[in-house]
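For reference, the structure is listed below as structure tokens.
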Amino acid sequence: MKLLDFIVCDDIRNEVGEKLSFMGVFGDNITLQVQAGAPRPISFKVSAFFRFLIEDTDPIPDSFRILTSLGKKESAKFEGTIGVVGRPKLLGLALPPVVVAVTEPASLSFRVVLSANGRIILDDTPPYGVEVQVSEVTPARAPGKQA
């Protein structure tokens with residue numbers, strides 16, 4: 001079994017026909033724009049999607065644990081069961097929106113643990129973290145307004 005895909009986005013939505021829509025997909029960085037002097041921490045929501053390849057000899061996972069960290073600090077943990085019908089080749093796990101509080105630039109990372117019958121069959125981290133930065137902006141003044 002191996003991790004194939006890793007997508008970080010604002011939100012993941014279920015659609016008719018067992019499809020997923022990914023809203024606001026990020027690359028390898030997230031820049032949060034806030035007004036100059038905004039108090040810290042700055043909170044935002046982020047979701048993630050993981051897709052795994054299940055080889056013919058792999059056991060079918062029945063539970064998962066996903067850990068998110070910002071820098072060296074764990075920010076959220078999700079655990080649950082996996083209901084798989086038959087023997088799929090692909091398994092997707094969508095992480096519901098997680099609130100992350102940023103005080104300074106840091107790397108957002110994820111760790112996924114899959115188990116079958118109480119035994120860990122995969123413990124993996126995507127090959128990169130997502131850098132999170134805060135950019136302070138000064139609101140533009142309307143024409144003709146004095147400071």
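The values are calculated or read from the model by the stated rules, or taken from the named source; none is laboratory data. Quantities reported herein were computed from a predicted structural model and do not represent experimental measurements. Neighbour counts run over all protein chains shown; Cβ positions are idealised from the backbone, glycine included.
Tabulated data for the structure shown
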quantity	calculated
Condition broken by Thr31, with the remaining ones in (1) in contact with a strand residue (DSSP E or B) (Cβ under 8 Å, 6 or more places away or on another chain); (2) loosely packed, with under 12 Cβ neighbours inside 10 Å; (3) more than 21 Å from Pro126 (Cα to Cα) satisfied	(3)
Within the stretch 88-104, considering residues that are at pLDDT 90 or above and either under 13 Å from Ile60 (Cα atoms) or of a type in the set (S, T, N, Q) (or both), the one nearest to the chain's Cα centre (by Cα)	Gly92
Residues within the stretch 3-36 that are over 26 Å from Leu114 (Cα atoms) and not in a loop (DSSP other than H, G, I, E, B), tallied	8
Residues of the stretch 105-126 classified as in a loop (DSSP other than H, G, I, E, B) and either among the aromatic types (Phe, Trp, Tyr) or free of Cβ contacts under 8 Å to residues at least 60 places away in the same chain (or both), total	4
Of residues in the stretch 105-120 being more than 20 Å from Leu53 (Cβ to Cβ) and either at pLDDT below 90 or touching a strand residue (DSSP E or B) at 6+ places or on another chain (Cβ under 6 Å) (or both), the one surrounded by the fewest Cβ atoms within 10 Å (Cβ to Cβ)	Pro105
Residue selected from the stretch 43-84 under the condition β-branched (Val, Ile, Thr) and assigned to a strand (DSSP E or B), by the criterion surrounded by the most Cβ atoms within 10 Å (Cβ to Cβ)	Val46
Per-region count, the stretch 93-103, residues out of contact with any Ser or Thr (no Cβ under 6 Å at 6 or more places or on another chain), closer than 22 Å to Ser21 by Cβ and surrounded by 14 or more Cβ atoms within 10 Å (Cβ to Cβ)	2
The lone exception for Arg87 - which of (1) surrounded by 11 or more Cβ atoms within 10 Å (Cβ to Cβ); (2) basic (Lys, Arg); (3) in contact (Cβ under 8 Å) with a residue 24 or more places away in the chain it fails	(1)
Pair list, Cβ under 6 Å, 6 or more apart: the stretch 21-38 residue more than 20 Å from Gly92 (Cβ to Cβ), other residue of a type in the set (Ser, Thr, Tyr) and surrounded by 10 or more Cβ atoms within 10 Å (Cβ to Cβ)	Asp28/Tyr128
Filtered residue count, the stretch 9-28, keeping only those that are closer than 24 Å to Asp124 by Cα, aliphatic (A, V, I, L, M) and out of contact with any Pro (no Cβ under 9 Å at 6 or more places or on another chain)	2
Residue check, Ala38 surrounded by 11 or more Cβ atoms within 10 Å (Cβ to Cβ) and over 12 Å from the mean Cα position of the chain (by Cα)	yes
